Amino acid sequence: MIPLHDDNPTERPPIVTVTIIVICVLVFLWEVSLGREMQRAVIALGVIPATLFGKVQLSPELAVVPPELTIFTSMFMHGGWMHLIGNMLYLWIFGNNVEDAMGHVRFLVFYLLCGVAAVFAQALPDPDSTVPMVGASGAISGVLGAYLLLYPHARVLVAIPIGFILQTVQIPAGFVLGFWFVMQLFSSMAAAGQQGGVAFGAHIGGFIAGMLLVPFFREKRFPLHLPGGRRF
């Protein structure tokens with residue numbers, strides 16, 4: 001299920017959302033320009049749990065920023081074109097409305113806090129891991145969690161692959177994002193014990209953080225839609 005567009009208009013221009021997308025694209029182009037040195041950049045600027053918790057140290061030529069700062073530098077790096085495109089697609093579709101509900105400054109703080117929560121959700125269960133984590137997906141997962149509570153009834157145009165054909169259909173955002181979250185849970189259980197790959201724990205942690213934080217960051221005129229049809 002690939003989201004393509006939602007039918008949810010905004011009142012304010014998504015300045016922060018667009019800025020984050022531009023920065024992520026520029027950073028990835030810089031990564032690609034490094035050629036074979038790209039992996040060194042990922043190690044230097046990605047989050048490595050064992051380094052973050054002080055269990056190991058990078059060599060001096062790779063320790064270009066403090067380990068704590070990699071929590072933030074990692075949010076703007078990606079491991080490949082599909083990684084970048086997928087993340088930016090989700091941010092473009094859902095980020096503008098969440099930014100609209102919060103305002104620019106609060107949305108930026110919210111986004112970064114969700115990214116931090118996602119990092120620790122992935123790193124704490126395996127603090128000895130030396131696998132670097134990069135990508136905006138943890139922070140974007142927080143945006144998805146907020147969108148679920150703010151706009152569950154918005155219609156999202158999705159593409160569903162049926163054989164070699166992509167069938168498009170409009171589905172409520174609550175179903176699209178609920179399905180996405182369930183898939184992260186199942187994928188996390190299937191990938192338990194594996195090294196590397198997709199950081200499903202970060203996705204789950206970011207999503208939950210977004211749901212928990214959105215009541216404190218949204219403007220009061222944007223109600224939350226809670227389970228059971230209640231509005232808050």
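Every number in this text was worked out from the coordinates using simple rules, so none of it is lab data. Being a predicted model, the structure only gives us computed values, none of them experimental. Don't worry about glycine lacking a Cβ; one is built from the backbone with ideal geometry, like all the others, and counts go over all protein chains shown.
Full extension of the chain segment joining Trp30 with Lys220 gains 64.4 nm, where the gain is 0.36 nm per residue of separation less the Cα-Cα distance. Against the main long axis of the alpha-carbon atoms of the chain, helix 173-190 sits at an angle near 30°.
From least to most packed, judged by other beta carbons within 10 angstrom and beginning with the fewest, Ser129, Ser74, Ser33 follow the order Ser33, Ser129, Ser74. The packing ranking of peptides 216-224, 39-47, highest mean first, is 39-47, 216-224, where packing means the average number of other beta carbon atoms within 10 angstrom of each residue. Taking the C-alpha atoms only, the angle from helix 200-217 to the longest principal axis of the chain is near 50 degrees. Note on His5 and Val169: the extension gain reaches 58.0 nm, defined as 0.36 nm multiplied by sequence separation minus the Cα-Cα distance. Extending 7 Å from Cα along the Cβ direction at Thr19 and again at Arg40 yields two label points whose distance is 3.2 nm. Subtracting the Cα-Cα distance of Met82 and Ser187 from 0.36 nm times their residue separation leaves 36.0 nm of extension gain.
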